[in-house]
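Since the structure comes first, as structure tokens, the remarks are kept for the end.
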Amino acid sequence: RRRRGSFVGGPAPGLAARGSAGEAESRASCTFRRVENATMVSFAQPLFWQIRYLITGLSKKNYKSSVSELHHLISLYGYDAQVFFLRTLIEEIQFQDAKHGGGSGRDQLKIQLLQNELKEIENEEQFGVILLQAIEASRDGGLLEDFFAHLCRVGKLQLRGQLTLGVATLHSVNEATRREGAKFLRTKLREYSSPGGRGLKLPETLLHTLLAALRGPELEETLEERDRDTLFKQLIDSHPDVDTSRNPCAGLVHLQRMSPSRLARHEKRTVVADLTLLATSSGSSSDGPLEGIRACDIVEEIGRGSGSASSQAIRDVMPLFPGIGTRGLAEIICMCVRTAGAPPDTHANLAAGVFSAAVRDTWNDPSTSTFPQIEASSDRGAEGTQDTTIIVEAVRDTVPDAKWGEVFELVFDLPELQLNDRRGFQALLAAHRAARGSGEAFPLGAILRLRKNTRAQLQFLRFAVDAEVAQLNFASVPKSLLQPVPGLPGAEDASRIGGPNHCWACRAFIEVLFELAEVEDYGAVRTLFDGPLSSAPEALLLSTCLAEDRSRGALRAELLERLAPPLLGDASPHATLVQATLAERVPLQLKRLLRSMQEKDPERSLPKIMDILQKDELVSFYASLLNGPPTELSCQLACLGDSRGALSLASWLRETLSEHKDTAAAGFIRFLRARLQPVAAGSPEVSRGSSAPYLPPGTDEQTLFKQCLEALHEAAPS
């Protein structure tokens, strides 16, 4: 469609993209280049004005001609025109509104143009640099991770392009952009390593850049070393056609294998040379052959893939770690979970035989004609949990004094826990059954409070939503289950409330999701609520209102924004039942919902609120609302009730002052002052509608002021 040659070499002068590549160009002198640069400067402002004019004036009628002219300008003036073109589009689009499907028709045309442009150039080698330069030019200061996510979502940028952009942010001159860009790249690397992204092949240059970032200091603060090692290996394994022994990746692979921290952690993991010493060493000596070796590393070598045959080898090796402790056992559980989805190790049977021979000191046993290699087993269980069950049962038998309750409490605080897929989730449940017996319920209390490994915690809860009640029963969490509401869908029966395993009726479950949405992944947590939002919105509203929100409230506010309007506006056939239940169980939350409803559109909402409160099921709640300390909402309801003849405003003012005294007086004065301030400002027509409290139709303002002042005068001490 247009020339792209100037992108490959970086920001070239604008006119360099124009003209033929011949001998005259190769003989160009410094003087010619200075003249060319001066020409670019002279053309820059008119060029940029024209690009901005074409973008801001986009319409359905001129879309095709304007886009054609924009492409022509970019083909003439190259890199600078391309960057300014993207910059202007980014400045003109409101990404927050576009993400929710908002925006005018002109915005939609600009979004369409941005999507087409990004799709056209995302295969360019310098794509990330171009896009980042345009973004930084359109925003003052550093960029936030959320903005990158919104841009990629609105621009429909593919994962490959998102990775390219993330790598480019690591080399920004702005420190805040580098920091937030590292978080963005971390998210995209995890997305790439997930089952849905592993099939994507990356260009060799991008692969090399990602490997360099994982080996360099740019991601040290955002990714643990183990995570960087895992991602590094997954990138290499996903590109078997890339020769890592010859191309630029070779040096990075070598550095990865020889990094000091990695060597320090694994330098004594392979103890084949000292196997003869295992027979006489207890493993407790600080200078023995087991110094620096973790039990989980050895168990991984001999227990994964050999099936039931490895049980005896683990029983032989575990006594070498008499002081293993709670953390050591928790690391074994984490290893079982991490390797649950991995293919069986074909050499596990050999390793089990080697370690058994070393511990029993049967190297030179004349009665053994062949090496004692343990035969492998193909039975790994329906969910791939057979190895986990065998390992944990063998460890349980050799460590009889283990405190397994503390072990499973600690697991979710360890960075080693990685729940990559459902097999890992099933392996963790199987490990608990093997350790504590099938009759012992999984300790949900350990997962229903914020833990240090929030990523693994969120992954566990994502799989827990669909778990069978025999595996996880959230009704067992003490004092946390929503009480049934007869006649309300999704909450009428105790056996089915909150879903098959009752998770959506568990307050603790919803409370920890609120926290994880803030500290881990808002989008992933929000997606979990899609099911109950459509299947049982009434029950979900009750659970959301009953749950305590220990976060900043973003997710809860979004859920209430979605759930409350139809259930407070009588759009649902069960609206009255929901309203009555809220009034009975969480009256304070119902008051907040009504106040929020009133603040958005008092003119339309106030009559609806009055109709709700006058229902027979809410009479006592209505009385408590009027009898409480006065608020703007209660004052407006009293005025509306007076205009309808339902109550006497003067009597209500006196009774409220008599009951609440100074608190009521301060509330009435605030209400009157808010009505008077716009008048004092001299522009009542402009400011009344935006700042003054709304007065229902039929309310005479002067009469209101007079009655309120008389009531205050009567209540004042003589």
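Quick notes
- For the stretch 403-424, the condition of being at pLDDT below 80, over 30 Å from residue 194 (Cα atoms) and open to solvent by 10 Å² or more (accessible area, probe 1.4 Å) holds for none of the residues.
- Considering residues of the stretch 425-439 that are more than 19 Å from residue 329 (Cβ to Cβ) and of a type outside the set (Ser, Thr, Tyr) only, the residue most open to solvent (accessible area, probe 1.4 Å): 439
- The single condition from (1) over 32 Å from the mean Cα position of the chain (by Cα); (2) free of Cβ contacts under 8 Å to residues at least 12 places away in the same chain that residue 592 fails is (1).
- Flag if residue 459 is more than 20 Å from the chain's Cα centre (by Cα) and open to solvent by 20 Å² or more (accessible area, probe 1.4 Å): no
- Only one of the numbered conditions (1) open to solvent by 10 Å² or more (accessible area, probe 1.4 Å); (2) not in a loop (DSSP other than H, G, I, E, B) is violated by residue 166, and that is (1).
- Pairs linking a residue in the stretch 491-502 that is among the polar types (S, T, N, Q) to a residue that is open to solvent by less than 10 Å² (accessible area, probe 1.4 Å), with Cβ atoms under 6 Å and 6 or more positions apart or on different chains, are 501/467; 501/472; 501/474.
- If the condition is being open to solvent by 50 Å² or more (accessible area, probe 1.4 Å) and closer than 16 Å to residue 570 by Cβ, then the stretch 608-626 contributes 608, 611, 614, 616, 617.
- Taking (1) open to solvent by less than 50 Å² (accessible area, probe 1.4 Å); (2) at pLDDT 85 or above in turn, residue 49 satisfies each apart from (1).
- Qualifying residue in the stretch 469-485 (condition: out of contact with any strand residue (DSSP E or B) (no Cβ under 8 Å at 6 or more places or on another chain), assigned to a helix (DSSP H, G or I) and in contact (Cβ under 8 Å) with a residue 24 or more places away in the chain): yes
- Close pairs from the stretch 548-577: first aromatic (Phe, Trp, Tyr) and modelled with pLDDT under 90, partner surrounded by fewer than 16 Cβ atoms within 10 Å (Cβ to Cβ) and not in a helix (DSSP H, G or I), Cβ under 9 Å, at least 6 apart: none
- Selection count, the stretch 592-607, where residues are over 24 Å from residue 659 (Cα atoms) and either at pLDDT 90 or above or not basic (Lys, Arg) (or both): 11
- Single residue of the stretch 529-586 satisfying the filter (part of a helix (DSSP H, G or I) and acidic (Asp, Glu)) that is farthest from residue 465 (Cα to Cα): 584
- Qualifying positions in the stretch 627-666 - open to solvent by less than 20 Å² (accessible area, probe 1.4 Å) and farther than 18 Å from residue 702 by Cα: 628, 630, 633, 634, 656, 657, 664
- Residues that are open to solvent by 10 Å² or more (accessible area, probe 1.4 Å) and more than 17 Å from residue 216 (Cα to Cα) were ranked within the stretch 174-191; the one that is farthest from the chain's Cα centre (by Cα) is 174.
The values are calculated or read from the model by the stated rules, or taken from the named source; none is laboratory data. None of the values given here were measured: they were computed from a predicted structure. No Cβ is skipped: glycine too gets one built from the backbone with ideal geometry, and neighbour counts run over all protein chains shown. We work out accessible area using only protein heavy atoms, side chains counted, and drop any ligands, DNA or RNA first. Shrake-Rupley method; radii C 1.70, N 1.55, O 1.52, S 1.80 Å.
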